[in-house]
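Okay, structure first, notes after.
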Amino acid sequence: MPVDYSTGFFFVDCGATSSYAGSTTTIGGSMKPFQALGGILAICSALFFSPHAAALELAGVKLDDSVRVANQDLRLNGAGIRSKLIFKVYVVALYLPEKKNTTAEVLAAPGARRVSIVMLRDVASDEFAKAFSTGIEQNTEATERAVLAAPIAKFNAMFASVEKLKEGDALQVDWSPGTGMTVQLNGKRLLEPVADAAFYNAVLRIWLGNKPVDDKLKRQLLSEQ
């Protein structure tokens with residue numbers, strides 16, 4: 001029973017013959033047509049509504065429609081590809097407790113949040129850190145940057161522990177109430193918790209601020225298109 005992810009939605013071939021749990025059901029055989037149809041629909045339903053099913057595929061990266069952060073289920077709010085010139089750099093996805101369509105709503109959202117990044121090409125860590133710093137600077141007032149100087153410096157220093165981000169690397173930037181902001185690279189923690197929601201919001205504004213890294217990407221993360 002093939003599943004086609006190419007469009008970002010599931011297409012399940014629920015034709016006249018289906019196989020499930022090692023057995024084959026054929027409509028028009030010994031099983032009554034309605035019974036067979038019911039079995040096929042049950043299989044299709046299980047595939048469509050599986051909590052672990054991928055909701056979207058971008059540049060070969062399959063994104064879960066939900067994740068769990070700090071014992072809280074988060075849903076995929078939006079996702080897109082960060083490109084620079086003609087190069088695709090990374091896939092980024094935003095996960096929230098519930099759908100939000102404006103930057104203000106995302107920044108004010110209570111509970112856990114996640115930005116998930118999967119690299120599509122190798123990038124030197126200092127180049128990646130510079131891009132993050134520029135994004136924060138362009139979307140954060142000078143007075144707020146002064147207040148956030150310590151966590152910004154800590155965030156920039158974090159990348160010094162990694163020579164480069166490689167194609168396929170997965171970076172997770174999480175906010176967990178009561179813990180703070182953490183960063184993991186391929187499941188390994190790179191940053192000790194930073195308990196400052198204002199700093200996490202400053203990071204979010206890299207993609208969602210008034211001067212985002214990519215206007216189209218901002219709209220995609222906010223599910224505006």
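The values are calculated or read from the model by the stated rules, or taken from the named source; none is laboratory data. Given the structure is predicted, the values throughout are model-derived calculations rather than measurements. Backbone-built Cβ (ideal geometry, glycine too); neighbour counts: all protein chains shown.
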Would you check if there is a residue in the stretch 61-69 being without any contact (Cβ under 8 Å) to a residue 12 or more places away in the chain and in the same structural domain as Pro212 (by TED's automatic domain parsing)? yes
Has the stretch 95-104 got at least one residue that is part of a strand (DSSP E or B), in contact with a helix residue (DSSP H, G or I) (Cβ under 7 Å, 6 or more places away or on another chain) and closer than 18 Å to Thr182 by Cβ? yes
So how many residues does the stretch 172-193 have that are under 14 Å from Arg113 (Cα atoms) and either touching a residue at least 40 places away in the same chain (Cβ under 8 Å) or of a type in the set (A, V, I, L, M, F, W, C) (or both)? 10
Looking at (1) aliphatic (A, V, I, L, M); (2) touching a Gly at 6+ places or on another chain (Cβ under 6 Å); (3) within 15 Å of Asn77 (Cα to Cα), which one does Leu208 not meet, given that it meets all the others? (2)
Filter the stretch 94-117 for residues that are in contact (Cβ under 8 Å) with a residue 40 or more places away in the chain and farther than 19 Å from Pro193 by Cα; which is surrounded by the most Cβ atoms within 10 Å (Cβ to Cβ)? Leu94
Specify the residue that is surrounded by the most Cβ atoms within 10 Å (Cβ to Cβ); the eligible residues are those in the stretch 184-205 that are under 18 Å from the mean Cα position of the chain (by Cα) and assigned to a strand (DSSP E or B). Leu185
Does the stretch 33-55 contain any residue that is out of contact with any His (no Cβ under 7 Å at 6 or more places or on another chain), within 23 Å of Lys218 (Cβ to Cβ), modelled with pLDDT of 90 or more and not polar (S, T, N, Q)? no
Look at the stretch 143-168 and say how many of its residues are surrounded by fewer than 20 Cβ atoms within 10 Å (Cβ to Cβ) and farther than 19 Å from Leu107 by Cα. 16
Is the stretch 125-132 home to any residue that is under 23 Å from Lys84 (Cα atoms), touching a Phe, Trp or Tyr at 6+ places or on another chain (Cβ under 8 Å), surrounded by 13 or more Cβ atoms within 10 Å (Cβ to Cβ) and among the aromatic types (Phe, Trp, Tyr)? yes
Which count do you get for residues in the stretch 108-136 that are under 30 Å from Pro177 (Cβ atoms), part of a loop (DSSP other than H, G, I, E, B) and not aliphatic (A, V, I, L, M)? 2
Residue that is modelled with pLDDT of 95 or more, buried (at least 21 other Cβ atoms within 10 Å of the Cβ) and assigned by TED's automatic domain parsing to the domain that holds Gln72, where the choices are Leu217, Leu171, Leu208: Leu208
